[in-house]
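Engineer: There's a structure below that I have some questions on.
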Amino acid sequence: MKRLILGLLLASPAAVWAQGSQVNTQSQKAVGMAGAGSALFVDETSIFYNPGAVAKMDHNAISVGASAVMYRAAFREFNSNDVHHTKFKISPPFSAFATFGPQNSWWKAGLGVYTPFGGSVDWGDQWPGRYELNHLQMRAIYIQPTLSFKLTENFGIGGGFVYNVGLVDLSRSIPIASADGTSGRAELSGVGTGMGFNVGVHYHLEDDFAISLSYRSQVITKLKDGDAQFTVPPALATSFPNTTFDAELPLPSSFNVGVTFPAGERVDIAADATFIGYSVYQELVFDYKDNTPALEDTKQIKNYENAFSVKTGLNVEASEKLDLRAGVGYVYTPVRGPYVSPETPDNNRIMGSVGFTYDINDRWDLTGAYVFQHLLERTVTSANTGLSGTYKTNIHAPGISLTYKW
């Protein structure tokens, strides 16, 4: 029993990293179109969406932005009328992009710092799944230097090296009571690093049509010497020692195809389809520095599946200074029912968005967007703990970015 408890406790960080924790808020212009626009928007955020488009910029720019991701989930246990809600939390994924190089040249360089994976959730310590999770905060920060080359006026190719810094902090209750009836508690935290790459090609035919192809590699984030702290009755302290652990946490690859074409003199349509390689997450192994009969190295089977998303949107030039946007999308979950967990109780999701860009002057522009995601209701029984019930989840994410051009 103790081995099971500790195996579940220390497997939690990677469960959220490999599930539906992708954060697609790198460009607020794309957010306003539900994530579409990799072929339409040729700007500094192409460092993320398609490095091949960066060389087609006729200027340099610096852009900074952030979103306020508000994740709200509810859980009703099987054969119960009680509904338990997550506490209000805001997760602020951010991005910063800069491009450098001669204007109207055949090459351009860039640097991106962004958070493609992350989240924050707090269920508290009184809900039925408290032995799976109390709270979680995690973030993967990618640093990507990039080079892009314009082989012809219509065809661009580029790529970048990715260095990831991942941070995770979580807590769970332990089904061991102290003298006052309080449950034990485990608190886990750590920092990991990993490396990967991002490549893309971008082609446009005059001003009527463009296509984007890009590939972002998987990043195996190696977490070394993570801290595991346990609050248990003194008599059990030797069975639950404060210790460290190592693990490898896989972040999936993705292949994206984007197209754009005009639907009128002032209207453009864009669509993106993305294949996400979540099948890399088949098992999770944790290696603990200090082992006891209750705390042994653990291995959990995950069996995640590859996933797919489709997104489309409109960009309308409302005036010389103002563009308006709207979009819709659908995302298929990689998580099989028995492996759904409260870190991100994932399921297929639908999304809708609106956005704008306002040109303050020739140098500055301001972009804002809002996207709403509704995860379809899901009734599951955990293969790990046996927790059975129904999850309902909504995500709200307003965001803003400011760009300086020269």
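Engineer: Within the bounds of region 72-88, is there any residue that is free of Cβ contacts under 8 Å to residues at least 60 places away in the same chain and within 23 Å of residue 143 (Cβ to Cβ)?
Structural biologist: No, every residue in region 72-88 fails to be free of Cβ contacts under 8 Å to residues at least 60 places away in the same chain and within 23 Å of residue 143 (Cβ to Cβ).
Engineer: Right, next: Can you name every residue in region 177-205 that is in contact with a Pro (Cβ under 7 Å, 6 or more places away or on another chain), aliphatic (A, V, I, L, M) and buried (at least 18 other Cβ atoms within 10 Å of the Cβ)?
Structural biologist: 188
Engineer: Taking region 53-110 as the search range and keeping residues that are outside any loop (DSSP other than H, G, I, E, B), closer than 17 Å to residue 123 by Cα and among the basic types (Lys, Arg), which one is modelled with the lowest pLDDT?
Structural biologist: Per the criteria, the residue is 72.
Engineer: Could you run through region 329-371 and say how many residues are among the aliphatic types (A, V, I, L, M) and surrounded by fewer than 18 Cβ atoms within 10 Å (Cβ to Cβ)?
Structural biologist: Of the residues in that region, 3 qualify.
Engineer: Take the residues in region 77-106 that are β-branched (Val, Ile, Thr), over 17 Å from the mean Cα position of the chain (by Cα) and under 21 Å from residue 25 (Cβ atoms); name whichever of them is surrounded by the most Cβ atoms within 10 Å (Cβ to Cβ).
Structural biologist: Per the stated criteria, the residue is 99.
Engineer: Output the residue which, of all residues in region 145-189 that are polar (S, T, N, Q) and outside any strand (DSSP E or B), is modelled with the lowest pLDDT.
Structural biologist: 178
Engineer: Let me ask you something else. With respect to the numbered conditions (1) more than 22 Å from the chain's Cα centre (by Cα); (2) over 30 Å from residue 293 (Cα atoms); (3) buried (at least 19 other Cβ atoms within 10 Å of the Cβ), which one is the sole condition not fulfilled by residue 208?
Structural biologist: It is condition (3) that residue 208 fails.
Engineer: Quick check, is residue 255 part of a loop (DSSP other than H, G, I, E, B) and of a type outside the set (Val, Ile, Thr)?
Structural biologist: no
Engineer: Of these, 109, 74, 140, 61, which one is surrounded by 22 or more Cβ atoms within 10 Å (Cβ to Cβ) and of a type in the set (Gly, Ala, Ser)?
Structural biologist: 140
The values are calculated or read from the model by the stated rules, or taken from the named source; none is laboratory data. Fair warning: this is a prediction, and the values are worked out from it, not measured in the lab. Quick reminder, even Gly has a Cβ in these numbers, built from the backbone with ideal geometry, and neighbours come from all protein chains shown.
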